[in-house]
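The values are calculated or read from the model by the stated rules, or taken from the named source; none is laboratory data. Just so we're clear, the structure is a prediction, and the values are computed from it rather than from any experiment. Positions of Cβ are backbone-derived with ideal geometry, glycine not excepted, and every protein chain shown enters the neighbour counts.
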Amino acid sequence: MNRQTIVILGTGGTIAGRAASASDNIGYTAAEVGIEQLVAAIPGLADAGPLIAEQVAQLDSKDMSFAVWAKLAGRVNHFLAQPDVAGIVVVHGTDTLEETAYFLQAVCGPAKPVVLTCAMRPATALVPDGPQNVLDAVAVARHSGAKGVVAVCAGSVHTARDVQKVHPYQVDAFSSGDAGPLGYVEEGSLRLLRNWPEADASRAPDATKIMAALDDATDWPHVEIVMSHAGARGAVVQALMQQGVRGLVVATTGNGTVHQALEAALLKAQAAGVSVVRATRCPNGRVLPKPGDLIPDSQGLSPVKARIDLMLRLLG
Ligand code: ASP
């Protein structure tokens, strides 16, 4: 176990939420309790070594923005560069946790652990899940050899690449799909099932250029997700092209299939210079490419992560 400093960065979420009644798990306001107060209320959290808590943002993660991502990536890189810091825990809302995790892995590619955690119940709940999740996240961040961006929720550890919110209410709301979790946290110990994530050098965009671009968060490339479904039409693509969209991810049916009307519009957009990527809307598996495919696939990334990947590639 690593007994050096763990930095806990607060960004808000349900974990910092307050409801009027302890029995209310859904009628709360997210992002109200400060990170120092949250951390101070968890018994035993600092037993294994020093902690630093810093509030980077205070928002409901459904409203996550590029500006917050840029600031968060900056703080992550700042603290990871300190020799006495073992790792970072990011306290985050569940709604876009998988997007922030993927973003941080792509942009920071950390050689130390960056562990995102969250809660499905507000801090005021009769039985809140946040404190245990934070304890577990700190245990993962202190684990010898831990590295890369992972998420910890309800005792499971997921990689940034695989993690997905799969339930809108239950406490165990995340899954790694058919990849399975990276491991489990059991009474403060990590049971690792596979290797820690490596920074993907072949896919990672030029991090230095990207970090510079992050300073001007308003200028991020316009990339949207469109979904293929019964009765899909091309009008949405035409409207987005009029807005100057630079990239489109199509959430496809099955193995990368797209409704013919939508596909015709996407191929026109592609011919006009818009970057188009196919990502399956199926929660498990990935698009298996075939000879003659006209639109590239996301190489296993979900639609929301394929969007971040495309945005970063357009930035790089
Ligand atoms: N809307 C909340 C958020 O993402 C949900 C949660 O944290 O569970 O911030």
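Some values worked out for this structure:
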| quantity | calculated |
| --- | --- |
| Complete set of residues in the stretch 226-251 that are crowded, with 17+ Cβ neighbours inside 10 Å and under 12 Å from residue 278 (Cα atoms) | 226, 228, 247, 248, 249, 250, 251 |
| Selection count where residues are in a strand (DSSP E or B), over 15 Å from residue 132 (Cα atoms) and aliphatic (A, V, I, L, M), scope the stretch 1-54 | 7 |
| The stretch 33-63: number of residues that are without any contact (Cβ under 8 Å) to a residue 60 or more places away in the chain and either within 16 Å of the ligand (Cβ to nearest atom) or among the aliphatic types (A, V, I, L, M) (or both) | 15 |
| Filter pass, residue 212 being modelled with pLDDT under 95, aliphatic (A, V, I, L, M), closer than 28 Å to residue 71 by Cα and within 19 Å of the chain's Cα centre (by Cα) | no |
| Residues of the stretch 111-121 classified as surrounded by fewer than 24 Cβ atoms within 10 Å (Cβ to Cβ) and near the ligand (Cβ under 10 Å from one of its atoms), total | 1 |
| Of residues in the stretch 16-32 being more than 16 Å from the ligand (Cβ to nearest atom) and hydrophobic (A, V, I, L, M, F, W, C), the one surrounded by the most Cβ atoms within 10 Å (Cβ to Cβ) | 22 |
| Subset of the stretch 70-110 [of a type in the set (A, V, I, L, M) and either within 16 Å of the ligand (Cβ to nearest atom) or without any contact (Cβ under 8 Å) to a residue 60 or more places away in the chain (or both)] | 72, 80, 81, 89, 90, 91, 97, 101, 104 |
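Matching residues to (1) in contact with a Gly (Cβ under 9 Å, 6 or more places away or on another chain); (2) assigned to a helix (DSSP H, G or I):
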| site | (1), (2) |
| --- | --- |
| 265 | yes, yes |
| 286 | yes, no |
| 293 | yes, no |
| 299 | no, no |
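Results for (1) over 19 Å from residue 98 (Cα atoms); (2) basic (Lys, Arg); (3) at pLDDT below 95, shown as yes or no for each residue.
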residue: 134; (1), (2), (3): no, no, no
residue: 186; (1), (2), (3): yes, no, no
residue: 190; (1), (2), (3): yes, no, no
residue: 203; (1), (2), (3): no, yes, yes
